[in-house]
Amino acid sequence: QDTLIVWSEAENYDLALSFQEKAGCDEIWEKICQVQGKDPSVEVTQDLIESEEEHIEEMPETSPLIDLPTCELNKLEEIADLVTSVLSSPIRREKLALALENEGYIKKLLQLFQVCENLENTEGLHHLYEIIRGILFLNKATLFEVMFSDECIMDVVGCLEYDPSLAQPKRHREFLTKTAKFKEVIPITDSELRQKIHQTYRVQYIQDIILPTPSVFEENFLSTLTSFIFFNKVEIVSMLQEDEKFLSEVFAQLTDEATDDDKRCELGMDDLQVRSAATDIFSYLVEFSPSMVREFVMQEAQQSDDDILLINVVIEQMICDTDPELGGAVQLMGLLRTLIDPENMLATANKTEKSEFLNFFYNHCMHVLTAPLLANTSEDKCEKDAVVGSTKSNTICPDNYQTAQLLALILELLTFCVEHHTYHIKNYIMNKDLLRRVLVLMNSKHTFLALCALRFMRRIIGLKDEFYNRYITKGNLFEPVINALLDNGTRYNLLNSAVIELFEFIRVEDIKSLIAHIVENFYNALESIEYVQTFKGLKTKYEQEKDRQNQKLNSVPSILRSNRFRRDARALEEDEEMWFNEDEEEEGEAVVPPVEKSKQEDDFPDSYEKFMETKKAKESEDKENLPKRTSAGGFKFTFSHSASAANGANGANSKSVAAQTSPASSNGSSSKNTTLTTAVTATKGSLVGLVDYPDDEDDDEEEETSPRKRPRLGS
C-alpha cells in the first residue's frame, strides 16, 4: 500500500511495516516476494483468512464494481461493515470509490443522516459516523469534491459529531456557523474566492479537529485530503494575486496615515500574533530561497542605515523577545543561521555570493548580534553587579534566566560562525578580543550558559589553527576554564566532562603550543586530578617534546651552539612578539581587513540600553533566584582588574601580568605547595586573565610574610 506493507497472522492479528519513502517500500517488498516465490507486481499476495472469506467474498479482477446495499435505515449496519472491511485492500477501496461516485450514494447517505437526527436514532447516527469516516479514508479526490461542496459539507461534519466512543456528540456545526467568523480586512467581492476560502477553512477543521490522529496504519489514508487543502490554498493565493484592486487597496490602507489604529491593527502592529505571523512568512521566504533574501538585504544596505536593515531588525526582534522561553528568538536564530550558512550560497564565474554576503554581514550586522554579549560581559557591568563589601572576585555574568538563554542563543550562532566562516570570524574574534569576553560567562550560575561558552572555545581549538592558538596562549585564556574546573570541585557532571574533553582533545591531537602553555602555567594546580590520566598525559607529551628538542640541539655542531651564535632569551621573546604582531598577510593567509567600525557600532552601548529598556517594559521581572555556584574547596585561580584599589595604591603605578605558576620541571619534581604570585583583591569587577598589582615594595614584603597558602593564581 504505497509506503506500507500489511499482512495478517492468525484471525485478529494484523501487522504492518511503514516506510518513509515509496522506493524503500518497493525494494523490501520485492525481496519479500523473492523469498516467498511470488510476483512483486501483484499488490495482494496473501490468501484471505477463512473468517474474512465468510464475511466478504473477494471480488475477481474482472468485476467492475462492488454491489452496494440499498440506501435505507435498516441497511446502515451492513453499509458500515462493507466500508470498513475494504480499507485493507487497495483494489476493493478503488472499486468501492467508483461505486459510490457512480450511484450518487453519498448524497443519499446524507439524507438518511437528516432522518436519523430528526428521529434521534442514535444507533443509525453511530453507523453513519463509521460510514463517512471510512469514505474519507478511501482517499479519493472525486469523493472529496462531493462531500466538501456547499450542499454537503455541513451534513458531513454533522455525521462526524456522532463518534460511538463519546458519551455525548460534539457540536462542531455550532462552532463553524456561530463561533467562527469570517473577517474581511478588505471586502472580497469575488463569490468564487469567498466560497473557496470557506471550504478550505472547514476542510482544514475536519482534518485538524474532528478526525482523530491517524495511526501508523492509517497515516497514508488521508494524503489526498492534505493535497486537497494545499491546492485550495494555492488557488486562493493565485486568485488574490490576479485581483489588482484587492492588493492595491491593501497597500493603500497600510500607507494611509488617516487609517485608524483599530483598522491598522488588522493589517499589522506591534502585536504578538502579528509578529508571529510575520516570522512565519519570513521563514517561508528563507526556506524557499535564502539567496533571494540575501540579495535583497545587500541591495537594501546601499540605500538604508544599518539600524533599519532587515537582518538587523530580525536580530533586534530576537533580542527583544518577551516570551520567557524565547520561542520566537529560537525560530529567528534558526533563520539567521540558514542565511549565513555558506553551504547554501552560490558561486558563479562573475559573482561569489559567499564573499559578498559575509563581508556585508560582518560589516553591518555582526556588531548588533554581539551587542548583548559585549554589554553583559563588560567591565562596567561587572562593577554594577558586584556585591558590596565582598572581597571575592566575581567576574559577573547575567543571573537573569531569560538573558542567559538569549546569550546562549547568540553563542550558538557564533559557534556556527567559527566552524563555517574561517577568516571572517577569526578577524572579528581577534579584533574584539571576543573569546576573552565569552569566557567571562564561565562564571555563570547557569551551567548551560557556561557550557555554551566552553563549546565556543572548544570549536576554536578544534580548528587547530596556530593563529588562534597564539591568541589563546598570549591572552592566558585557559585560566577561566581551569577556574571553572577547580570551582566545580569533585562533582561529576557535564561541565566537568566537557572541560576534561577539551584537554583530552589537545593531548590526543598533540597540539604542541597549547600543551606547553598548559603544563608550564597550570600543571601544579592540575596534577592532583588523577581520576583521569589526561593531565598526566599532557605532562608526558610535554616532556617527550622537550627531549626531542634537546636531542635536536645536541645534534647541531658545537660551533653553532657557541655563545657567538646563541641569542638572549629576552631577544627571542621580543622576536616572537614582533612575529605574532606582523600583518597576517605575510603568513600567506588571506585575511580580511579589520571590520569597518560603523557609526552604529560606536554608539552601540546607548542603542543597546534603549533596546533593553524596551524589552524590560514588555516583560515581567524574572523572579528566579537560583543559588550561585560556590567553590568546592579545590584550587581556584582568580584574577582582579584593579587589585591596586585594595591596597590604596595609585592605579597609574600598577602594571598587569598574566597569572601563572612556576614552570613545571621536566622531571616532575614541582611541589603542589609552591606559593604562587599573589595580590590582595577587593573589587568585584575583573578582566579575565589579567591581574593588576601596585609596583611598590610594601606589597612584596606583605607577600613574603604572609602564611603559606594553597596554590592560587593571581589571587
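Derivation of every value follows stated rules applied to the coordinates shown; laboratory data play no part. Small disclaimer: the values here were computed from a predicted structure and weren't measured. All Cβ positions, glycine included, derive from the backbone under ideal geometry; neighbour counts span all protein chains shown.
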By average Cβ neighbour count within 10 Å, what is the ranking of 459-469, 474-484 from highest down?
474-484, 459-469
In region 305-350, which GluC sites (Glu not before Pro) fall in coil by DSSP and have 13 or fewer other Cβ atoms within 10 Å?
GLU325
Label point at TYR201 placed 7 Å out along Cα→Cβ; residues across region 233-256 whose backbone nitrogen lies under 16 Å:
233, 236-237
The answer for LEU211, listing residues at least 5 apart or on another chain whose modeled amide H is closer than 5 Å to its amide H, is none
Contour minus end-to-end for LYS552 and ASP465, with contour as 0.36 nm per residue of separation and end-to-end as the Cα-Cα distance?
28.8 nm
Quick one: what Rg and Dmax do you get for region 399-484 from the alpha carbons, in Å?
12.4, 36
Surpassing 25 Å at the alpha-carbon level, of the pairs LYS108/LYS178; LYS183/LYS245; LYS512/LYS552; LYS474/LYS546; LYS464/LYS541; LYS445/LYS539, are LYS108/LYS178; LYS445/LYS539
Taking region 64-241, the equivalent ellipsoid from its C-alpha gyration tensor has semi-axes in Å, biggest first, of 28, 20, 15
